[in-house]
Structures are given as C-alpha cells and as structure tokens.
Amino acid sequence: MVEFFQHLFALDFPWFFEQYGTTIYLILFLIIFIETGLVAMPFLPGDSLLFTAGLFCKSGQLEILVLLPLLFTAAVLGDNVNYWVGRRLGLSVFQWKFRGKPLVKEEYLVRTEQFFIKYGSFAVVMGRFIPFVRTFTPFAAGIAKMDYRNFIVIDVIGGVLWIGSMMMAGYLLGEIPWIREHVDLIAIGIVALSVAPLLISLMRRNK
C-alpha cells in the first residue's frame, strides 16, 4: 500500500499501466471519488492527476472519451456523498479520532465556511479548483442544509468545468515535447499554483 501511494503522489502513470493495465480507469475513478467524497482524504492529488491523465490521453495510452465522463461521474458522486454526510452527521465528524488524533481537521471547515461567506453558492463551483476546499465545500453545504436542487445543479456545472478544463489542458498541451518530457515538473507546478491561494490567505491571516 505504501508503494501504491508513493507512485500515486509521484503521478507515476507508467508504473500504474505496468501493474494494473486497464484497471487504471477504475483506480483514477476511485481517487477522484475519494478526494471529493471523504472529508478525511483531502490530500489526494486532484488537479495534477487530471492534467497528467490528459497528457496520457494525448499519447494514446488512455481514452479521453472514456475518461472524461468517468471522472466527471466520480467527482459528482463524491460531492454528493460528502454533501449528505455533512447534512446527516454534521459537526459530529470532528469528534472522530484515529490513534488519538482527530480524523478530520476542523480548520479546513473554517476556511471553507469563509470561502462560502465570500462567494456564496458560487463557492461550490470555485471550490473545485482549490485543494482541501474542494473536499470540504460539499460537506459545508450539507451542514448548512443548502437546498439540494440548487446544490446538484451548481455541482454538476463545477464538475464539468473542473474535469473538462484540467484534462483538456493536459490533452492540448501534450503536443508540446517539453511538457511530455517533464510531466513530473508540470505536476509539481500545478500543485504549487493550486496551493498558493491557501498559503497567501494563511499568511494574510497570520499578519
């Protein structure tokens, strides 16, 4: 399992192809589903994973017409699970512990609530593009008992924009030789750009 996560965070797609073959489609589905659906797993790769998947679609090792709807479904299903967990269980999840430590950090919910206050319902769409916030946005919407019909419409729009833009960016830029040869650097860059708004916000709050 440790080896699996080492290759996952390194976005070592060739290793996954070698080890799992076409089962990689299921693995990618589960990663996106878990990252968006479980508040205890906000650290899994999202943006960089989608971008890299787009690159490998361009190389012909993955089918983009299969992967786009598959990962869109994973993202929407994950958000719906998260929404209903928040709606049914609410703040009690912060009492869950693993080896004496909180399983879910309350500070992430606080940041997400501030995000909601600033952007309103549109936060469901914008939150898709921000790590950690992406995981806690549907959960916070559930706690706040946001009207489900409004939530699902906005969530579907956000899912289309997030999955489509990240994967198509990788697919289109996959024609550039330098990008194909430096997938690891591109992935690191995407993670850095994704996390930057959170770091800036944290530094401002500390000041």
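Does Asp147 count as of a type in the set (D, E, K, R), within 14 Å of the chain's Cα centre (by Cα) and either over 18 Å from Leu55 (Cβ atoms) or modelled with pLDDT of 85 or more (or both)? Lay out the reasoning, then the answer.
Working: of a type in the set (D, E, K, R): yes; within 14 Å of the chain's Cα centre (by Cα): no; either over 18 Å from Leu55 (Cβ atoms) or modelled with pLDDT of 85 or more (or both): yes.
Considered against the rule, which asks whether it is of a type in the set (D, E, K, R), within 14 Å of the chain's Cα centre (by Cα) and either over 18 Å from Leu55 (Cβ atoms) or modelled with pLDDT of 85 or more (or both), Asp147 comes out as no.
Look at the stretch 121-134: where a residue is more than 14 Å from Met166 (Cα to Cα) and a partner is surrounded by fewer than 21 Cβ atoms within 10 Å (Cβ to Cβ) and among the basic types (Lys, Arg), sitting 6+ places away or on another chain with Cβ atoms under 8 Å, you get Phe132/Arg111; Val133/Arg111. Evaluation of Asp79 against the conditions (1) surrounded by fewer than 22 Cβ atoms within 10 Å (Cβ to Cβ); (2) touching a residue at least 12 places away in the same chain (Cβ under 8 Å) shows that the sole unmet condition is (1). Of all the numbered requirements in (1) in a helix (DSSP H, G or I); (2) more than 17 Å from Pro42 (Cα to Cα), Met126 misses one, and that requirement is (2).
Mind checking which residues of the stretch 126-144 are within 10 Å of the chain's Cα centre (by Cα) and polar (S, T, N, Q)?
Initially, the stretch 126-144 is screened for residues within 10 Å of the chain's Cα centre (by Cα), giving 127-135.
The one that is within 10 Å of the chain's Cα centre (by Cα) and polar (S, T, N, Q): Thr135.
Please verify whether the stretch 45-54 includes one or more residues that are in contact (Cβ under 8 Å) with a residue 12 or more places away in the chain and surrounded by fewer than 21 Cβ atoms within 10 Å (Cβ to Cβ). Within the stretch 45-54, none of the residues are in contact (Cβ under 8 Å) with a residue 12 or more places away in the chain and surrounded by fewer than 21 Cβ atoms within 10 Å (Cβ to Cβ). Here is a check on your reading of the model: is Pro14 at pLDDT 95 or above and exposed (fewer than 14 other Cβ atoms within 10 Å of the Cβ)? No: the conditions fail for Pro14. Mind checking which residues of the stretch 55-76 are within 14 Å of the chain's Cα centre (by Cα) and crowded, with 18+ Cβ neighbours inside 10 Å? Hits for the stretch 55-76 are Leu71, Phe72, Ala74, Ala75, Val76. All of (1) in contact with an Asp or Glu (Cβ under 8 Å, 6 or more places away or on another chain); (2) closer than 20 Å to Glu18 by Cα hold for Leu49 with one exception: (1). Within the stretch 138-161, residues that are crowded, with 24+ Cβ neighbours inside 10 Å sit with their Cβ atoms under 7 Å from residues that are among the polar types (S, T, N, Q) and modelled with pLDDT under 90, at 6+ positions apart or across chains, in these pairs: Ala140/Thr112.
For the stretch 111-144, name all the residues that are charged (D, E, K, R) and modelled with pLDDT of 85 or more. Reasoning before the result, please.
Residues of the stretch 111-144 charged (D, E, K, R): 111, 113, 118, 128, 134.
Within the stretch 111-144, Arg128, Arg134 meet the criteria.
Report yes if some residue within the stretch 49-62 is under 21 Å from Thr135 (Cβ atoms) and either among the charged types (D, E, K, R) or touching a Ser or Thr at 6+ places or on another chain (Cβ under 9 Å) (or both); otherwise report no. Checked against the condition, which is being under 21 Å from Thr135 (Cβ atoms) and either among the charged types (D, E, K, R) or touching a Ser or Thr at 6+ places or on another chain (Cβ under 9 Å) (or both), the stretch 49-62 yields at least one hit.
The values are calculated or read from the model by the stated rules, or taken from the named source; none is laboratory data. All figures in this text were calculated on a predicted structure; none of them were measured in a lab. Cβ atoms come from the backbone with ideal geometry, glycine included; neighbour counts cover every protein chain shown.
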